[in-house]
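Asks: Below is a structure I'd like to ask you about.
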Amino acid sequence: MQQSVDKTTPSPDIRHCSEALLALTPALMQALRLSMRGGLVPELSVPQFRVLVHACLRPGATLNQLTEPLGVSTATASRMVETLVLRGLLARRTGVVDRRQVSIALTPAGQRVLDNAHTLALAQFDAQLAGLDAASLSALSTAFDVLTTIFAAGATPWTAVAEHPEIASQECL
């Protein structure tokens, strides 16, 4: 079944921004991959990084609760989680109320790897932005604020959750 598409034509400015977002996303993901491959945790793939981030944002989440934000099937999420459990980065815990329910949590080692990957990614982006002048950085900052409002309204950055676990909720991205 095919989804219906709105037949209205967006303004040229909207279309330009949409095209720019689509074109930029793979480049940003490639920069993230390169920073992780070139760093101290080359064994952590971007999908594994994303699993750790979502486990950080949703302490005690079940496997099914992780599949949707990761955009993968339950089987894929299960394999990814199992790999990270075997590496000691995630832990599975049997539910207190329902023993069939298994929650997933970041281990201290997983938190260290996540923090390291975050530091490496920031360093990569810092290096790429270092050549920009103050006006360009200000414009980018404003643009990122707007994008955050549009795409991540109410989201808590995972770094804030790591520092203050009491703010973790299902609302985090």
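Asks: Looking only at the stretch 95-119, count how many residues are of a type outside the set (Ser, Thr, Tyr), modelled with pLDDT of 80 or more and surrounded by 12 or more Cβ atoms within 10 Å (Cβ to Cβ).
Replies: Selection size over the stretch 95-119: 14.
Asks: Sticking with this one: Looking only at the stretch 101-140, how many residues end up being within 21 Å of residue 29 (Cβ to Cβ) and assigned to a helix (DSSP H, G or I)?
Replies: So the count comes out to 18.
Yes or no, residue by residue, for (1) within 15 Å of the chain's Cα centre (by Cα); (2) modelled with pLDDT of 80 or more; (3) within 26 Å of residue 124 (Cα to Cα); (4) in a helix (DSSP H, G or I):
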| site | (1), (2), (3), (4) |
| --- | --- |
| 9 | no, no, no, no |
| 29 | yes, yes, yes, yes |
| 41 | no, no, yes, no |
| 44 | yes, no, yes, no |
| 47 | yes, yes, yes, yes |
| 59 | yes, yes, no, no |
| 67 | yes, yes, no, yes |
| 77 | yes, yes, no, yes |
| 84 | no, yes, yes, yes |
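The values are calculated or read from the model by the stated rules, or taken from the named source; none is laboratory data. Every value quoted in this text rests on a predicted model; they were computed, and no experiment measured them. Reconstructed Cβ throughout: ideal geometry from the backbone, glycine too, with neighbour counts over all protein chains shown.
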